[in-house]
Amino acid sequence: MLGLEIEAIERVGAAWDKVIVGEVLEVMPHPNADKLRLTKVSIGNGEPLSIVCGAPNVRQGLRVAVAIIGADLGGGMVIKKAKIRGEVSEGMICSERELGISQNHEGIWELPNDAAIGLSLADALGMRDTIFEVGITPNRADCLSHIGIAREIRAITGERIRFPKPSISEKGGEIAKHVRVSLPQPELCPRYVAKLVRGVTIAPSPNWLKRRLEAVGLRPINNVVDVTNFVLMECGHPLHAFDFDVVENGFIEVRTAGGFADEFVTLDGKKRKMQSNALLITDGKKPLGIAGIMGGENSEIRDTTKDVLIESAYFNPTSIRRSAKQLGLSSDASYRFERGADFNILEYAAERAAKMIVELAGGEIVEGVLDECAILLKNKQLRFRPARANTLLGMSVSTKRMLEIFSLLDIQVQNSESPEWLLTAPSYRIDLEREEDAIEEIARIVGYDEVPTSTFEHAPLTGIRDPLKLRDFDSLVRTTLLSIGANECVSIPLVSAKNAAQFHDRPVELINPLNTERDRMRTSVAINLLESARVSERFGAEGQRIFEIGNVFHYSVKPEQLGYVNQSPELGILISGTQEPKTAYNAEAIPSDIFLMKGIAESLLSRIGIREFEYSAEKSLQEEKPSNFLDPSQSITVSSGMRQIGLIGRIAPALVKTYDLRSDVWIALFDYSALYEIKRKLVENPAPVRPLPKYPSVERDIAIMLAEAISARQVEETIRASAKQEILRSIRLFDHFQSKEMKLASERSIAFHLVFRSDDRTLEEHEVDELIILIIKRLEGELHARLRV
């Protein structure tokens, strides 16, 4: 409820309840296998167990981990009584890999000689533990540590936190004679703290430290490096340990790579090409590490290392984030630095690490601490108004309770007697930047479940409202499309360079993409709809009807806005495959085609209220967005008035093949802003209400033969020009026919249904007949059509 989600709970040792500490009493050769041995193993009570073992290091007197009958070691391995090459085995003597402790399986695990026989392995070795995996949001870098989580728990329980307290050295002292630090670019590294430990002995870490690191997913390396990782996880501040012998003249300079180093070999043994703006830790003559990301192979802690220089620094988050992306290198250190570290914990972390290194690796801490501070960093301050907090939360929290909450969160309060307080955030809370952040802290600690569900009476919202709210229009569009069987897709606007190029020759490119596979901004939601269609087909979808509303991006075509990116909303509707399967009531399956796509589009436009629109065979919806992703022979644009609002057509077969789709795909794309503007105008200026017709209509059908190149739209315009508009109420194309003979003559037949009606009288037959004769003559004269009989 504090915003820290527990994603998993692991109870270490629970699976070892039937793994017992035993002692090998006898070891004998197996009569039927040269590499196997027969053993007698005591587990403290009852008769010794007979166990067949193939490990080369099994011997009499050895304390071992014994999985007794019924033990479940995971991965489907359940121990049962069995015969191995004719000999009974009543359990298994385990290796470290079989218990999931490490990958070591060269022999059985040799336990300490003082391990208590008969106890479960977890109890005997003190390995029972509970691990909570906590999901941390990007804004809460302060919670990327155990101390950070403890602070959050303290905020709701009020309990005291017991910090490990290493003695903080005085600045300068003896260390100043051995180490010098230079910060020529303070905007990138404003503060650098160093400690020096001499005479250490590099060795494996004790088991308790190894287990702590393994529990949080870190691989133990040696006692010095493991201490820096332990302190990282404990207090959240990344440290680095250098072999001091390779730091020439004890000089540390933090500078960018430009003109200094083109390549650098990091701790993972990889040679990396350095960007000129990458920040390096150097000794003035050679690089020692990439600041805040990873150390160098040339300065790593080796078995021969005697003197250790501990680095505890603060780096500019933007610089670390940029370098990590450029190098494609992410580490536990960069993960924290790029989110913002605590600039006031540097000395504490260095002292804590130095003290632990001496405890585990011996040696002596050189007196003093070197603290080079080029820019004085200050805690953030923000104003806070208790009255505004209660207004926004829609509840009443007393000022006394607010002061208690801020105290538990280490937020200092000034002017608490006035209506406006001055808050000083702790240095580790980089997310507290404005008044609303402090108000959210009140809500978090009081409890979100205490916030009333309705707050309109407490927080009246003022301002001019549009007669048609965008959210209402969104709801209308979505409801309409859902009602005709379409499913909505929601996808990110980032697409691959390959897919983007198929829809536009100049898509918007991201300078610093989060994912190299999606480094372009989409120029059409059609890209995402096709990706969704491909995934759905993989899961067996036979027919699809989907839509998406989302922003698309284009470079401006205006010379004065070179490089400027335009963002606009677009509606895309896609259909493919079989829309209605063949059934007993439906003799033939209904496939997707342009007529079905037009029907869906017309249903949407009609529901919005756009009844005056027309189709044309023009090529594109927008000048800067070519429609070459459509089949030119089966694509049309939709216009309302003088404005193009949509595009309908079949996806080009080559593109369908590229997306590995099995069937033809039809799509409709609409300028969403245009639809919204038209609808808003209709709401602002509604059409006058017309009474129901008093007089009957007269209906006629006309079928004509004409050249194949003449469009139905031309015919419709000619008919409207021939008839009186107050009498001719509607024209509907209802038939299209073309035989083989007609095709050879480049002709076709089309038929229209005409409706005539007058508002002030009943039309007589001869009036309509005269209009039909006039229409036919005009069709014959202007379009060279002839009446089909």
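The values are calculated or read from the model by the stated rules, or taken from the named source; none is laboratory data. None of the values given here were measured: they were computed from a predicted structure. Heads up, the Cβs are rebuilt from the backbone with ideal geometry, glycines too, and the neighbour counts pull from every protein chain shown. SASA here: full protein model, heavy atoms, side chains in, ligands and nucleic acids out. Shrake-Rupley method; radii C 1.70, N 1.55, O 1.52, S 1.80 Å.
Before we move on, is Ala71 under 13 Å from Ile20 (Cα atoms) and more than 45 Å from the chain's Cα centre (by Cα)?
On the way: under 13 Å from Ile20 (Cα atoms): yes; more than 45 Å from the chain's Cα centre (by Cα): no.
Taking the combined requirement at face value, the residue does not satisfy it.
Tell me, yes or no, whether the range 718-734 has at least one residue that is without any contact (Cβ under 8 Å) to a residue 12 or more places away in the chain and outside any helix (DSSP H, G or I).
yes
Going through the range 404-437 one residue at a time, which ones are open to solvent by less than 40 Å² (accessible area, probe 1.4 Å), among the charged types (D, E, K, R) and not in a loop (DSSP other than H, G, I, E, B)?
Correct list: Glu435, Asp437.
Within the range 77-84, does at least one residue satisfy the condition of being under 30 Å from Glu7 (Cβ atoms) and hydrophobic (A, V, I, L, M, F, W, C)? Lay out the reasoning, then the answer.
Step one: of the range 77-84, the residues under 30 Å from Glu7 (Cβ atoms) are 77-78.
Cutting the leftovers down to hydrophobic (A, V, I, L, M, F, W, C) gives us 77-78.
Yes, there is a match, as at least one residue in the range 77-84 is under 30 Å from Glu7 (Cβ atoms) and hydrophobic (A, V, I, L, M, F, W, C).
Mind telling me which of the residues Ala785, Ala709, Ala687 ends up being among the small types (Gly, Ala, Ser) and buried (at least 16 other Cβ atoms within 10 Å of the Cβ)?
Within the list Ala785, Ala709, Ala687, the selection yields Ala785.
Determine if the range 732-744 includes at least one residue that is at positive phi, open to solvent by less than 70 Å² (accessible area, probe 1.4 Å) and under 57 Å from the mean Cα position of the chain (by Cα).
Initial filter on the range 732-744 (at positive phi): none.
The answer is no; no qualifying residue exists.
Please specify each residue of the range 342-364 satisfying the condition of being open to solvent by 30 Å² or more (accessible area, probe 1.4 Å), more than 15 Å from Phe163 (Cβ to Cβ) and part of a helix (DSSP H, G or I).
The answer is Val358, Glu359, Leu360.
For the range 248-276, which positions are of a type in the set (A, V, I, L, M), assigned to a loop (DSSP other than H, G, I, E, B) and open to solvent by 20 Å² or more (accessible area, probe 1.4 Å)?
Across the range 248-276, the qualifying residue is only Leu267.
May I ask you to list pairs of residues, at least six apart or on different chains, whose Cβ atoms are under 8 Å apart, with the first in the range 116-134 being on the phi > 0 side of the Ramachandran plot and touching a residue at least 24 places away in the same chain (Cβ under 8 Å) and the second being surrounded by 15 or more Cβ atoms within 10 Å (Cβ to Cβ) and of a type in the set (A, V, I, L, M, F, W, C)?
Gly118/Ile20; Gly118/Val21; Gly118/Ile43
Among what's in the range 277-288 and is open to solvent by 10 Å² or more (accessible area, probe 1.4 Å) and within 20 Å of Tyr314 (Cα to Cα), pick the residue that is nearest to the chain's Cα centre (by Cα).
The selected residue is Asn277.
Would you check if there is a residue in the range 133-142 being more than 35 Å from the chain's Cα centre (by Cα) and not in a helix (DSSP H, G or I)?
No, the range 133-142 contains no residue that is more than 35 Å from the chain's Cα centre (by Cα) and not in a helix (DSSP H, G or I).
Here is a check on your reading of the model: is Pro460 touching an Asp or Glu at 6+ places or on another chain (Cβ under 9 Å), at pLDDT below 95, assigned to a loop (DSSP other than H, G, I, E, B) and loosely packed, with under 11 Cβ neighbours inside 10 Å?
Answer is no for this residue.
Sort out which residues of the range 289-341 are assigned to a strand (DSSP E or B), more than 22 Å from Asn223 (Cα to Cα) and open to solvent by 30 Å² or more (accessible area, probe 1.4 Å), and write them in order of number.
Scanning the range 289-341 gives a single hit, Tyr314.
For every residue, the table says whether it meets (1) within 26 Å of Glu351 (Cβ to Cβ); (2) touching a Lys or Arg at 6+ places or on another chain (Cβ under 9 Å).
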position: Ser182; (1), (2): yes, yes
position: Gly199; (1), (2): yes, yes
position: Pro206; (1), (2): yes, no
position: Val265; (1), (2): no, yes
position: Met274; (1), (2): no, no
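Does Val52 fit the bill of being in contact (Cβ under 8 Å) with a residue 12 or more places away in the chain, farther than 26 Å from Asp123 by Cβ and surrounded by 20 or more Cβ atoms within 10 Å (Cβ to Cβ)?
Details: in contact (Cβ under 8 Å) with a residue 12 or more places away in the chain: yes; farther than 26 Å from Asp123 by Cβ: yes; surrounded by 20 or more Cβ atoms within 10 Å (Cβ to Cβ): yes.
Yes.
May I ask you to list the residues in the range 2-20 that are touching a strand residue (DSSP E or B) at 6+ places or on another chain (Cβ under 8 Å) and not in a strand (DSSP E or B)?
Narrowing the range 2-20 to residues touching a strand residue (DSSP E or B) at 6+ places or on another chain (Cβ under 8 Å): 4-13, 15-20.
Within the range 2-20, Leu4, Gly13, Ala15, Trp16, Asp17, Lys18 meet the criteria.
What are the pairs with Cβ atoms under 6 angstrom where one residue, in the range 317-330, is at pLDDT 90 or above and the other, located anywhere, is not in a loop (DSSP other than H, G, I, E, B)? Sequence gap at least six, or different chains.
Ser319/Leu279; Ile320/Ser334; Ile320/Phe337; Ala324/Ser334; Leu327/Arg272; Ser330/Ala324
Return the residues of the range 13-41 that are closer than 30 Å to Thr130 by Cα, out of contact with any helix residue (DSSP H, G or I) (no Cβ under 9 Å at 6 or more places or on another chain) and open to solvent by 30 Å² or more (accessible area, probe 1.4 Å); say none if nothing qualifies.
Scanning the range 13-41 gives Lys18, Glu23.
Taking the residues in the range 77-99 that are free of Cβ contacts under 8 Å to residues at least 40 places away in the same chain and outside any strand (DSSP E or B) as candidates, determine which candidate is most open to solvent (accessible area, probe 1.4 Å).
Lys80
Is it the case that some residue within the range 520-542 is assigned to a strand (DSSP E or B) and surrounded by 18 or more Cβ atoms within 10 Å (Cβ to Cβ)?
Going residue by residue through the range 520-542, those that are assigned to a strand (DSSP E or B) are 520-521.
Imposing the further condition that a residue be surrounded by 18 or more Cβ atoms within 10 Å (Cβ to Cβ) reduces the set to 520-521.
For the range 520-542, residues assigned to a strand (DSSP E or B) and surrounded by 18 or more Cβ atoms within 10 Å (Cβ to Cβ): present.
Could you grab the pairs with beta carbons closer than 9 Å, sequence gap of 6+ or different chains, first residue in the range 397-425 and at positive phi and of a type outside the set (A, V, I, L, M, F, W, C), second one surrounded by 15 or more Cβ atoms within 10 Å (Cβ to Cβ) and part of a loop (DSSP other than H, G, I, E, B)?
Going by the 9 Å Cβ cut-off, the qualifying pairs are Asp410/Ala425; Asp410/Pro426; Asp410/Tyr428; Asp410/Arg429.
Here are some residues: Asn222, Asn229. Which one is within 22 Å of Gly362 (Cα to Cα) and either crowded, with 22+ Cβ neighbours inside 10 Å or β-branched (Val, Ile, Thr) (or both)?
The conditions single out Asn229.
Could you list, in sequence order, all residues of the range 305-324 that are under 20 Å from Gly368 (Cβ atoms) and among the charged types (D, E, K, R)?
Lys306, Asp307, Glu311
Here are some residues: Tyr672, Tyr695. Which one is open to solvent by 70 Å² or more (accessible area, probe 1.4 Å) and either touching a residue at least 12 places away in the same chain (Cβ under 8 Å) or of a type in the set (Val, Ile, Thr) (or both)?
So the residue among Tyr672, Tyr695 that is open to solvent by 70 Å² or more (accessible area, probe 1.4 Å) and either touching a residue at least 12 places away in the same chain (Cβ under 8 Å) or of a type in the set (Val, Ile, Thr) (or both) is Tyr695.
With (1) out of contact with any Lys or Arg (no Cβ under 7 Å at 6 or more places or on another chain); (2) among the hydrophobic types (A, V, I, L, M, F, W, C); (3) more than 19 Å from Asn566 (Cα to Cα); (4) at pLDDT 90 or above as the list, and Ala526 as the residue in question, which single condition is left unmet?
The one condition Ala526 does not meet is (3).
Here is a yes/no grid of residues against (1) in contact with a Gly (Cβ under 6 Å, 6 or more places away or on another chain); (2) open to solvent by 70 Å² or more (accessible area, probe 1.4 Å); (3) under 27 Å from Tyr335 (Cβ atoms); (4) of a type outside the set (A, V, I, L, M, F, W, C):
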| residue | (1), (2), (3), (4) |
| --- | --- |
| Leu111 | no, no, no, no |
| Arg128 | yes, yes, no, yes |
| Ile149 | no, no, yes, no |
| His178 | yes, no, no, yes |
| Val197 | yes, no, yes, no |
